[in-house]
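One structure below.
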Amino acid sequence: MNYISMSQKDLNRYDIIKRAIRRDITVKKAGELLNLSKRQIYRLKDKVKKEGTKGLIHGNRGKRSNRRLPDKERERIIHLLHNRYSDFQPTHTAEKLETLHGIKRDPKTIRQIMITEGLWKPKKQRRAEYRCQRPRKEHYGEMLQFDGSYHHWLEDRGGTAEICLLAAIDDATGIVTTAKLVSDEGTLPVFGFWQDYFLTHGKPKSIYLDKLRTYYNNLLPERDEEILTQFQRAMRELAIESIVAHSPQAKGRIENLFKTFQNRLPKELRLRNISDIDTANQFIQEEFLSWFNAKYSVEPKKKANLHRKPTRQEKQQLPAILSRQSERTVQNDFTIRFNNTWYQLNKEQPATVRPKEIVLLEERIDGSLHIRLRGKYLNYQILPAKPEKQQKQPWIIAASQKPARKSYKPAKDHPWRTPFIFPKRDISISLKG
């Protein structure tokens, strides 16, 4: 039996093509979602009808490109770049390689090699800032605006001050799909929100966010924007596009939502004398959102729902994907240190573990910790905390301390207190001499 290896991007493309075949969406809309022309969508539809999922796999996948540089020539270019042209620009380097070494290659090819070798960093092009009113999306589930708002939602009842309300609103319909009170807008509370959402509604096409540190790498310089946050990494694994807004006005729908919520929700909770988070969340889901959506939602332009139901495999992997992940090194005694706690790996493991190997630690929503190596979860046990250094006992301190010296006071007639006076000299004797 032949198995077809497909990425999440291929599965997403297959899902949209199948929707186009069933006429849930138009060919034009499918082209917009996949950034393809109508002609390509018709071609993909025919291939899927004839060959199934295999029709989306490119025929050259896994094959070596015919235009690839020969290995010897590539190694020679890399050697010359490091030894002679490490600080040259790509175009200048291409000219020198042609005139001095007889290697004629396009400057773009040389530029790509220099980027791979870390000798050239491409400059980010500036885009002119222009803003205009953005029309709503056409389909339900095509884009969600998501954010959190800190407010006195319970008006200090139950001993709580400011807490965070996480909410997601559909861009096409204005329907608030989910809203939930949590302690803060950190990574794990946000992952808990989206895990419930995916299991209830499915996966949306995209999520519109702000530049909070949880969602966007806002502390590192622009050249390091490829370093993803935990949220961006999880959304990429689930094939959900995360869009970052550069101003609050860009995601005005969710900002206006919180203004309405801050005006109405605390008063509704006060009328029902709700003073704890769990009861408040139950009221929000069962009563408040249904009232809000009936009053403020609109009909979408197209009726198709673009939410994608998670597959069985995705449901199994969801707790691992929506976890805070970090890497640690296995010590020589097969221990790992994490958050000032030592973990001992057991002898029996599903995968071979060697010292100095890098393992992946998953902090999951339920508070559990899982250690993964090459797709296998390792067995471990928590080591007891190392004893602190004991302070010295009082009798040890007393023995170590020397007795204080008493100051000695000499008597009044002691020679030390008697002034030393030279005897008078006999001048007469000296004159006689």
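The numbers here are math on the coordinates, done by the rules we state, and not lab data. These numbers were taken from a predicted model, which means no experiment stands behind them.
Label the stretch 71-116 by shape, choosing from rounded, prolate and oblate, from the square roots a ≥ b ≥ c of the eigenvalues of the Cα gyration tensor; if a/c is under 1.5 it is rounded, and otherwise prolate applies when a/b is larger than b/c, oblate when it is not. Provide the component values of the computation, followed by the final result.
On the way: a/c = 1.13, a/b = 1.01, b/c = 1.12.
Rounded is the answer for the stretch 71-116, as its axis ratio a/c remains below 1.5.
Residues considered: T173, T26, T352. Largest GNM mean-square fluctuation over the chain, using C-alpha springs under 10 Å, is found at T352. Note on the chain: with a GNM built from Cα contacts shorter than 10 Å, the maximum mean-square fluctuation among G148, G252, G375 falls on G375. Expressed as a fraction of 2.2 N^0.38 Å, the value expected for a compact globular protein of N residues, the C-alpha radius of gyration of the stretch 265-331 is 1.82. Here the 3J(HN,Hα) profile of the stretch 18-30, calculated from phi with Karplus coefficients 6.51, -1.76 and 1.60 at θ = phi - 60°, is 5, 5, 5, 5, 6, 6, 5, 10, 7, 5, 4, 5, 4 Hz, Gly and Pro shown as x.
If you take the square roots of the eigenvalues of the alpha-carbon gyration tensor of the stretch 8-56 and sort them as a ≥ b ≥ c, do you get rounded (a/c under 1.5), prolate (a/b over b/c) or oblate? It is rounded, given that a/c, with a ≥ b ≥ c, falls under 1.5.
In degrees, nearest 10, range 0 to 90: what is the angle between the Cα axis of helix 71-83 and the longest Cα principal axis of the chain? Helix 71-83 and the main axis of the chain meet at about 40 degrees.
Relative contact order for the chain using alpha-carbon pairs under 8 Å, separation at least 6, rounded to a whole percent? Rounded, it is 12 percent for the chain. Against the main long axis of the alpha-carbon atoms of the chain, helix 90-101 sits at an angle near 90°. Each residue of the stretch 295-310 was assigned a 3J(HN,Hα) from its phi angle through the Karplus curve 6.51 cos²θ - 1.76 cosθ + 1.60 (θ = phi - 60°); the sequence is 8, 10, 6, 10, 7, x, 5, 10, 8, 5, 9, 8, 5, 10, 5, x Hz, with glycine and proline shown as x.
Convex hull volume of the Cα atoms of the chain, normalised per residue: 480 Å³. Restricting attention to the stretch 144-296, close to 70% of DSSP beta bridges with both partner residues there are antiparallel. Comparing Cα centroids, the stretch 19-47 and the stretch 357-386 end up 44 angstrom apart. Look at where the Cα atoms of the stretch 309-341 and of the stretch 279-299 average out, and the two centres are 36 Å apart.
Against the chain, whose longest principal axis comes from its Cα atoms, helix 107-116 is set at around 50 degrees. Taking the inverse of the mean 1/r over every pair of distinct Cα atoms in the stretch 323-382 gives a Kirkwood hydrodynamic radius of 11.5 Å. Mind checking which lysines have their Cα closer than 17 Å to the Cα of K28? Skip sequence neighbours fewer than 8 apart in that chain. Result set, ordered by chain and number: K18, K38, K45, K137, K205, K301, K302, K303. Does the stretch 144-296 come out rounded, prolate or oblate, given a ≥ b ≥ c as the square roots of the eigenvalues of its C-alpha gyration tensor, rounded meaning a/c under 1.5 and, failing that, prolate meaning a/b above b/c? In terms of gyration-tensor shape, prolate.
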